[in-house]
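Chemist: If you scroll down you'll find the structure; I have some questions about it.
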Amino acid sequence: MAEKTIFTRIIDGEIPGNFVYQDEHCVAIRDINPAAPVHVLVIPRKPIPSIADLAPEDHAVAGHLLMVVKKVAEQEGVAKSGYRVVINAGDQGGQTVPHLHIHILGGKQLYGHGTA
Ligand code: 5GP
């Protein structure tokens, strides 16, 4: 069996995570190394390695993740002030955890479209 990702280990309760949202398809946790006052990761329970690995059967969960981003942004109080949504994919995209996740960044003024 493939080794569990760090996010699956958090989802399974093997290591601690600061959960801000959970449902049957995904969870949202605070990033351990926040880059902004609000930095939450929305993660599917299914360990899809990256956006590049989305399969046709993932259509519903992929859409669901965006709906959860909207909900978590409201919950975190940044929906009106604005926020950034980031998905890193693969090596050159800067992805470090091979389990699809969406970053929600907010609570401060952000400029440009990334750290490049
Ligand atoms: P990536 O670079 O893959 O897009 O983002 C991975 C993110 O996961 C990073 O922002 C990193 O700080 C976060 N991260 C890595 N390990 C852990 C962990 O054990 N717990 C939490 N909450 N976040 C983590």
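The values are calculated or read from the model by the stated rules, or taken from the named source; none is laboratory data. Just so we're clear, the structure is a prediction, and the values are computed from it rather than from any experiment. Cβ sites come from the backbone with ideal geometry, for glycine too, and all protein chains shown count toward neighbours. Calculation scope for accessible area: heavy atoms of the full protein, side chains included, ligands and nucleic acids excluded. Shrake-Rupley method; radii C 1.70, N 1.55, O 1.52, S 1.80 Å.
Chemist: Using θ = phi - 60° and the Karplus curve 6.51 cos²θ - 1.76 cosθ + 1.60, what whole-Hz ³J(HN,Hα) does each residue of the stretch 28-35 get, with Gly and Pro shown as x?
Modeler: 10, 10, 6, 5, 5, 10, x, 9
Chemist: Checking the cross-link filter: which aspartates and glutamates have an alpha carbon closer than 14 Å to that of LYS71, excluding same-chain neighbours under 8 positions apart?
Modeler: Within the straight-line cut-off, LYS71 pairs with ASP23.
Chemist: Mind ordering 30-42, 11-23, 97-109 by average Cβ neighbours within 10 Å, highest first?
Modeler: Those peptides, ordered most packed to least, come out 97-109, 30-42, 11-23.
Chemist: Hey, what's the chain come to in accessible area per residue, 1.4 Å probe, Å²?
Modeler: So the chain comes to 62 Å² accessible per residue, rounded to a whole number.
Chemist: Using only the alpha-carbon atoms, how far is helix 59-75 inclined from the longest principal axis of the chain? Give it as 0 to 90 degrees, nearest 10.
Modeler: 40
Chemist: Let me ask something else. Given H placed 1.01 Å from N in the peptide plane, which residues other than close sequence neighbours of TYR21 have an amide H under 5 Å from its amide H?
Modeler: Close amide H contacts, sequence-distant or interchain: ALA28.
Chemist: When the chain is modelled as a GNM with alpha-carbon springs shorter than 10 Å, which of LYS71, LYS46, LYS80 fluctuates the most?
Modeler: LYS80
Chemist: When the accessible area of the stretch 6-106 is split by element with a 1.4 Å probe, what percent falls to carbon and sulfur?
Modeler: Taking all protein chains in place, the stretch 6-106 shows 55 percent carbon and sulfur surface.
Chemist: Can you compute 3J(HN,Hα) from phi for each residue in the stretch 80-90, using the Karplus curve 6.51 cos²θ - 1.76 cosθ + 1.60 with θ = phi - 60°, rounded to whole Hz and x for Gly and Pro?
Modeler: 7, 6, x, 7, 10, 10, 10, 10, 8, 9, x
Chemist: While we're here: Which whole number of Å³ per residue matches the convex hull of the alpha-carbon atoms in the chain? Walk me through the intermediate numbers first.
Modeler: Numbers: hull volume 13.2 nm³, N = 116.
Given the Cα convex hull of the chain, per-residue volume reads 113 Å³.
Chemist: OK, next. State the answer as a single residue: which of VAL72, ALA62, GLY90 lies farthest towards the positive end of the charge dipole of the chain, with beta carbon charges of +1 for Lys and Arg and -1 for Asp and Glu, about the Cα centre.
Modeler: About the Cα centre, the residue reaching furthest to the positive side is VAL72.
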